[in-house]
1. Loop only by DSSP, 11 or fewer other Cβ within 10 Å of the Cβ. Give me the trypsin sites (Lys or Arg not before Pro) in the range 413-504 that pass, ordered by residue number.
2. Tell me, in nm to one decimal, what length is gained between K344 and V496 on full extension, where the rule is 0.36 nm per residue of separation less the Cα-Cα distance?
3. Could you calculate the FRET efficiency of N400 with D292 from 1/(1 + (r/R0)^6), where r is the beta carbon distance between them and R0 is 56 Å, rounded to 0.05?
4. When each pair of different Cα atoms in the range 70-125 is counted once in the 1/r mean, what is the Kirkwood radius in angstroms, to one decimal?
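The numbers here are math on the coordinates, done by the rules we state, and not lab data. What you see is a predicted model; the values in this text were computed from it and never measured. Positions of Cβ are backbone-derived with ideal geometry, glycine not excepted, and every protein chain shown enters the neighbour counts.
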Amino acid sequence: MTTNQMNNFTTLIKRLEAATSRLEDMATSLEGSGPGSPAADGIATSTASVSSKTASSPLPPPPPVVEPPPRQIEDFDALINKEVKNFVELSEKLGEPAGEQSKAILRAFQAERTYLYIALKAKKPDQQSPDLLSDLRKASDEINNIREANRPSPLFNHLSAVAEGVVSLGWFFEPRPAEFVRESVAGAQFYGDRVLREYKGKALSEWPDMEQPGWSRRNGGPETAPIRFTDASAFPPPPPPPAAGAGGPPPPPPPPASVAAPPKAAPTGDMSSVFEQLNQGSAVTSGLRKVDKSEMTHKNPGLRAGSLVPERADSRTGVTSPTSRGKSPVPSKKPKPESMRAKKPSRKQLDGNKWYIEHYDSPSDIIEIPAQLSHSILISHCNKAIVKINGKANAISIDNCTGLSVIVDSLVSSVDVIKSPKFALQIDGVVPTILLDQVDGASLYLSQESLNTEVFSSKSSNVNIVVPPKEGTDDDSKELPVPEQIRTVIKNGAAVSEIVEHAG
C-alpha cells in the first residue's frame, strides 16, 4: 500500500471515531432526560396541542361532483334558448294576447325539458305517472283557451297557428316522433300562410309594431324544431342484442368436403398406335363394355347427383343446375288478367294517424271516415266506390283507383291523385291544393269557400273543374276544362310555353 493511500485510510478511521463518540454523547443525554424533564414535557405539550387542534377541526368534505346533463338535454336547452325565446320576443312586440300565449309556449317547452331529463335518468316505470305531464297539460290548455277567448281579435290567425302547432310537443308518445311532428305542424303552417296572405302588399305602417311575415316565419321555429330534435341522431338506437352463444369460443369450422381425386391421365402413345386404331374401322369399339340402363345418368336422376361431369349453367340465371342441362330457356309467364287474380279482402283501418282504405270493389254503401286534424287518408285499389271524409283532415292520397268518388269537408294540406281514371272530387269546405298525376278523366266540384284552390296536373287528360254559380243568382254551375295542349317556342335561347286555345 502506498503512502498516499495509507494517509487516506488513517483519515477515514479518525472521522469514524469522531462520529461514534458524538453518537455516544447523544445517547447518554437522552437517557438522562426522563418523562418529567422539561424537554420531554415540552414535546408532549406541543404534541397534545396539535392533536387537539386536529380533533376539533374535522376535514372539510370534498366538493360535490357536478355531472353534466345528457347530450339530448343540451340540444333541447339550445333549442329553448335560441328559437323559442326569440319567438317569445317577437310575439311580445305584437302585444296581447300573442305575448301571453308565447309565454305559455315557453312554459310548455320547459315542462317537456323536465320530462325528458327524468326519462333519460330514471328507469321506465310500469305505469306512467300523470304528475310528470301536469305542467305540459296546463300550458297546452292555456294556449288553447287564449285562442278560443280571442276569436274576434285581429291576431286570431296568429293564435291559431300556435295552438295548432303545440300538439307536436306530444311526440315522445309516438313510435315515429319525427313523422308525427311533421303531420302536427301542418295545421300551424296553414294559419301561418294566412298571416302572410293577410299582410301581403300592405305598407310597413299597417303592421302592428313589427313585420308580420317575420313573425310567421319565426313561428315555424319552435313548432318545427322538435323535428330536428326527434331525429335519429338525437336518440341513438340501443345496441343490438348479443348473438346466441356469444362469449365462448367460435365453433370449429366444418370439415372440408371430400374432393374426388382427378382421374389418372391415360398413357400417351406414339402416332403409330393412333393409325393402327384408325385402321381397325368399326372393330375399334368391340372392346368396349355395354352400359346397362340402370347406369345411364340421363335415365336415372339419382346418378346425376354423383356425376363427375361438370354441370351446365342456366343461360338465364347463371346458376348451375343438373336439371337444366341441354334445355332451352323457359319463356316468361304473362301476368294474369285482373279478372282472374285472387281478390284481396277490403280494408278500412286507422293505424296511428293514417287511415287505410283498400280493395273496395263496387260497395253498396258509402264508405265514411271520421277524420281528425292530424289524420291522413290513403285510398288505393278501390273501384266504383264512394268515400266520404267527415271532419277536417290533414291530407288525402289516392292511387290506382277506377271510378272513385270522394266527398271531403276541409283539408289542411292537399289531395294527391295518381293513376286513377274516372275520378270525381267534391269539396264542401276548403282544400288548398289538388295534385293530379296520370289521371284520365276527372271532375272537380268546388264550393264557394274553395274557389282559391290550386290545381296541378301532369300527364292528365279530360279534367274539368265545376264551379258554383254566383251567390244570389239562378245560374247553373259552370264547367271549366283544364288545358291539355301546350305550344312551346324558343325565344332568345329559352323555351317559352303557352296554352293553345281554340276559339269557336
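1. On the way: sites: K419, K422, K459, K470, K478, R487, K491; in loops: K419, K422, K459, K470.
Here the trypsin sites (Lys or Arg not before Pro) that fit, given the DSSP loop and packing criteria, are K459, K470.
2. Full-extension gain reported as 49.9 nm.
3. Working from the Cβ atoms, E equals 0.40.
4. In the range 70-125 this quantity evaluates to 12.2 Å.
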